[in-house]
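Every read-out reported here was derived from the displayed coordinates using simple, explicitly stated rules and does not represent laboratory data. All figures in this text were calculated on a predicted structure; none of them were measured in a lab. FYI the Cβ positions are ideal-geometry reconstructions off the backbone, even for glycines, and counts take in every protein chain you see.
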Amino acid sequence: MCPGDSVTLDAGAGYGRYVWSTGDTTRTISVRRGGSYFVTVTDLSGCLGKSAPVLVSVLPRPDAVLSGPGAVCLNTDAQFSVSSATGTAFTWSSSRGSIRSGAGSNMVTIRWSQPGADTVRVTVASAAGCTRDTMMIVAVNTTLQPVITANRPSRLCNGESVTLDAGAGYIAYQWSSGETVRTITVSTAGSYSVTVTDAWVVQGPPCRST
């Protein structure tokens, strides 16, 4: 049996007295600990009999160490894995996320379509059927929406320039023109975009948006 479980031992009917190795004097006993158990019975004629010992084993629960990002970006895949030397079966669940691959294995990919906090759980089962549950809280961040502002009208005359600003609050900037700073100055006509990375995600990949 597994830790926390119990097993009922029955000495059978038809005896006038029962004395178990535990000291119990009932026909059946419920045991939660591993060990050797036997019973001595007395029939209505006063004859004694002693049973063969019954060995009860308590098997360990599988080890389970869950790892994965504590925060993820909205609408992006995130991987979670559980390491277990004794686990043979894995059951994953997420109340708000969608398991996209790996269900039944020790590694899954989950995607969230709604922001907020969620719980990722996994139940690890051993070959003997003992289980262990483990979980972690995951924060789901919203998609970033950077807004580019210009310091002047974007219609330029020859020789003029305009400064484009991607806004504050990001840890990284990647412009379509190759620059990696918050603001760029352009004097060439064209379409300009920027990809930003925030610092909100502490334990996972930063959220990016263009």
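Some notes on this structure:
- Amide N proximity, segment 69-98 versus MET135 label position 7 Å along Cα-to-Cβ, cut-off under 14 Å: 92-97
- Bridge orientation summary for the chain: considering DSSP beta bridges with both residues in this region, about 95 percent are antiparallel.
- Alpha-carbon centroid distance for the pair segment 1-77 / segment 94-140, whole angstrom: 31
- Three-way shape label, segment 65-141, alpha-carbon gyration tensor, a/c 1.5: prolate
- In this calculation the C-beta distance from THR42 to ALA128 is compared with R0 = 41 Å, giving a FRET efficiency of 0.65.
- Using Cβ point charges alone (K and R +1, D and E -1), the dipole size of the chain about the Cα centre works out to roughly 220 debye.
- In this rough spin-label picture, where each label sits 7 Å from Cα along the Cβ direction, the LEU156-THR22 distance is 8.6 nm.
- Simple rule: put +1 on each Lys or Arg Cβ and -1 on each Asp or Glu Cβ in the chain, find the dipole, and look at PRO60, GLY23, VAL7; the Cα lying farthest toward the positive end is GLY23.
- FRET efficiency estimate (nearest 0.05) - Cβ-Cβ, VAL56 to ALA13, R0 22 angstrom: 0.50
- For q = 0.10, 0.16, 0.17 Å⁻¹, Debye-computed log10 I/I(0) when each Cα of the chain counts as one equal scatterer: -0.68, -1.00, -1.06
- Point-charge dipole on Cβ atoms (K/R +1, D/E -1) for segment 7-56, about Cα centre, debye to 20: 140
- Of the residues GLY97, ALA71, VAL39, the one whose Cα sits farthest towards the positive end of the charge dipole of the chain is VAL39 (charges of +1 on Lys and Arg Cβ, -1 on Asp and Glu Cβ, taken about the Cα centre).
- Using 0.36 nm per residue and subtracting the Cα-Cα separation, the extra length available between SER193 and SER6 on full extension is 60.8 nm.
- Set of segment 1-38 residues, backbone N closer than 15 Å to the point 7 Å along the Cα-Cβ line of THR88: 1-2
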